[in-house]
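Bear in mind that the values in this text are calculations on the coordinates, not laboratory data. Everything numeric in this text was worked out from a predicted model, so none of it was measured. Note that we place each Cβ from the backbone using ideal geometry, even for glycine, and neighbour counts take in every protein chain shown.
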Amino acid sequence: MKLFTLLSIICSFTCITNVACDINKPSKNFKIGNDFRIWYKYNTNTGYFVAVIECYHPKDWFMIGWGHSENDIDSWVFEIDGKRVLASDRYWGDNMNLPRRDVALGGRGNLQLQGYKVGKDKTTVKVRRKFNTRDKYDKVIRPGDQDIYWAYGSDSCISEKGLEKGSVFRRIFAK
């Protein structure tokens with residue numbers, strides 16, 4: 001019994017320290033062409049938005065962003081490093097060649113990576129963020145009409161040079 005308890009504790013600790021553990025998907029979902037599928041959930045009790053994002057063209061990076069124009073995008077950037085995924089909360093504003101980290105602009109990194117899985121044909125990430133972070137570089141996520149900006153690329157440096165595909169997609173999020 002003691003061995004079983006010890007193994008349970010070790011496994012629990014591994015999942016806490018290894019972010020690759022949790023990619024359970026919420027029930028609501030939609031596709032963005034043949035490039036992405038996003039599962040999402042609003043948790044009104046905690047004030048958090050949870051999303052599982054699958055990119056079907058995993059290269060070196062991909063991005064999902066929220067905004068109302070191409071010069072004002074709250075960007076979630078996912079960089080693929082071998083079998084690891086690095087997530088960052090960024091802002092793509094006017095006169096910026098690439099999205100800059102919120103913390104570099106004086107904001108906060110509010111995006112929490114919950115889990116990921118890197119595969120040959122797709123990369124899956126699970127993230128969570130408060131609906132309203134009160135960070136001027138983050139958009140409030142709410143049910144309703146949302147413009148979703150997306151892109152992916154094959155250059156290890158996130159830039160226009162490495163951009164393979166990107167566009168805007170409009171989606172109405174349901175509660």
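List of remarks:
- Convex hull volume per residue, computed on the Cα atoms of the range 20-173, equals 106 Å³.
- Exposure proxy for THR46, THR133: other Cβ atoms within 10 Å of each Cβ, ordered fewest to most, give THR46, THR133.
- Relative exposure of LEU105, LEU111, judged by other C-beta atoms within 10 Å (fewest first): LEU105, LEU111
- Under 5 Å from the amide H of LYS130 lie the amide H atoms of PHE49, each residue being 5 or more positions distant or on a separate chain, with H modelled from the backbone and absent for Pro and chain starts.
- Cα centroids of the range 23-81 and the range 109-134: 7 Å apart.
- Using the Karplus relation 6.51 cos²θ - 1.76 cosθ + 1.60 with θ = phi - 60°, the per-residue 3J(HN,Hα) values for the range 79-90 come to 9, 9, 10, x, 9, 10, 10, 10, 10, 9, 8, 10 Hz, with x marking Gly and Pro.
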